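What follows is a short report on a single structure.
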Amino acid sequence: MSHRLRRTVATTAVVALLPALAACGGEESPGAAPSSSAGSADASATPELSGTVTLVTHDSFALSEGVLESFEEETGLTVEQVAAGDAGTLVNQLVLTADSPLGDVVYGVDNTFASRAVEADVFEPYTPADLDPSATGLVDPALEGLTPIDKGDVCLNVDTTWFEAEGVEPPSTLEDLTDPAYEDLTVVTNPATSSPGFAFLLATVDAFGEDGWQQYWADLSDNGLKVTDGWSDAYYVDFSGAGEGGERPIVLSYATSPAFTVTEDGSESTTEALLDTCFRQVEYAGVLAGTDNPDGARALVDFLASAEVQADIPANMYMYPADDTVELPAEWEQFAPLAEEPFDVAPDEIAAHRDEWIEQWTATVIG
């Protein structure tokens, strides 16, 4: 494929909306698990499935042709899809329409925005019965009732070819980016308009603490930082490693990005993710409170967490499946490893400070 990475990165301004509020299916049929009173699947009964299930997603949702169709054939359900924007816009829309939900199931709410939706009672808690422990471990207690579907690391990427040609050692840490040797070389996305941008802001909050992250961004800005609204502009317009004329060899992207800049002989990648700069992003599916088709909605969540869909995620959404037992593309082990110790901020901390941190970042970097 050409290097068309996932685009949960925002191209729609979330900041304008913020004040208004960013192989576990087993052998059973996806429809074989209605919710118990505790909100998890009960395999002792099989509901009669019928009708339409509306799946609300961010704009980057993609599965191989025939995957959703196989679910429809097996269950007798019809799946309609509604794309609501990037991850931040999606959550805002869910909150604003909580009393009259946009659909029955949502996919694409991530751990940087999910707490807002949980606080607004957007979801009916539900967990498939047979999630692998590697997937259940991705649900923070504050987000209980959501089902992890995929994960990935938001990281800085470097154009290794550029650095080799210039005879400059590439950076490896967040602190390196403030070195004058890297002046005017970095482009990132705005956390008010981009979910990866917000994830990167959270990485710096964890790295430098409440008393240090703003100064870090001030130093980064003074070193010639460029900020764009969305990932596409940062990667394809400004990043030199995309092969489209960009002039900056350091970009905010994903740890999986180098798997899509591999040379024709497959021996190496022309870009590299800086794994000491990453924030772990997890995307969830959930049953929307007020759904008109609760049994169908739960069946669809089961399917999104199933082996079939989990195995399809890397090639189409360029994220890791939530289930660690699912086989990955061969080149990912070499070119797209996850960070061993990504930065992390708890969902309740994100919920408490999201707007404040974005306002402070904007004052520091944009002015």
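The values are calculated or read from the model by the stated rules, or taken from the named source; none is laboratory data. Note that the structure is predicted; figures quoted are calculated from it, not measured. Here the Cβ positions follow ideal geometry from the backbone for every residue, glycine too, while neighbour counts run over all protein chains shown. Calculation scope for accessible area: heavy atoms of the full protein, side chains included, ligands and nucleic acids excluded. Shrake-Rupley method; radii C 1.70, N 1.55, O 1.52, S 1.80 Å.
With the crude spin-label approximation of a point 7 Å out along Cα→Cβ, what separation in nm comes out for Glu331 versus Asn316?
Result for the modelled spin labels: 2.0 nm.
Which residue, chosen from Leu275, Gly66, Phe113, occupies the Cα position most advanced towards the positive end of the dipole of the chain, where the dipole is computed from +1 (Lys, Arg) and -1 (Asp, Glu) charges on Cβ about the Cα centre?
About the Cα centre, the residue reaching furthest to the positive side is Phe113.
Determine the gain in length on full extension of the stretch Val82-Thr136; use 0.36 nm per residue of separation and subtract their C-alpha separation, reporting nm with one decimal.
Numbers: separation 54, 0.36 × 54 = 19.44 nm, distance 2.66 nm.
Full-extension gain reported as 16.8 nm.
Gain in length, Glu72 to Ala129, computed as 0.36 nm per residue apart minus the alpha-carbon separation, to one decimal in nm? Don't skip to the answer; put the middle values down first.
Numbers: separation 57, 0.36 × 57 = 20.52 nm, distance 2.07 nm.
Net length gain for the segment: 18.4 nm.
Let's see if you can work this out: charge +1 on each Lys and Arg Cβ, -1 on each Asp and Glu Cβ, no other charges. What is the dipole magnitude of the stretch 246-353 about its Cα centre, in debye to the nearest 20? Walk me through the intermediate numbers first.
Working: 3 positive and 22 negative charges, 72 e Å.
Rounded to the nearest 20 debye, it is 340 debye.
Taking the solvent-accessible surface of protein heavy atoms with a 1.4 Å probe, what is the per residue accessible area of the stretch 266-367 in Å²?
Details: 4060 Å² over 102 residues.
I get 40 Å² per residue for this part.
Can you give the FRET efficiency to the nearest 0.05 for Ala351 and Glu264, using r as the Cβ-Cβ distance and R₀ = 41 Å? If you can, show how the numbers build up before the last one.
Details: r = 46 Å, r/R0 = 1.13.
Efficiency at R0 = 41 Å is approximately 0.35.
What length, rounded to one decimal in nm, is gained on full extension from Ala289 through to Glu175, with 0.36 nm per residue of separation minus their alpha-carbon distance? Working shown, then result.
Working: separation 114, 0.36 × 114 = 41.04 nm, distance 4.37 nm.
Gain on stretching Ala289 to Glu175: 36.7 nm.
For Gln360 paired with Gln215, estimate the spin-label separation in nm (one decimal), with each label point 7 Å from Cα along the Cα-to-Cβ line.
Going by the 7 Å Cα→Cβ label model, 1.3 nm.
How far apart, in nm, are two points set 7 Å out from the Cα along the Cα-to-Cβ line at Ala165 and at Glu119?
Roughly 4.7 nm, to one decimal.
Enter the mean projected area of the convex hull around the alpha-carbon atoms of the chain, in nm², rounded to one decimal. Don't jump to the answer; show the numbers that get you there.
Details: hull surface 69.4 nm².
Mean projected area of the Cα convex hull: 17.4 nm².
Per-residue counts of other Cβ atoms within 10 Å, averaged by peptide: what ranking do you get for 66-74, 350-358, 243-251, highest first?
Values: 66-74: 14.4, 350-358: 17.2, 243-251: 19.2.
Taking the mean over residues of other Cβ atoms within 10 Å, the ranking is 243-251, 350-358, 66-74.
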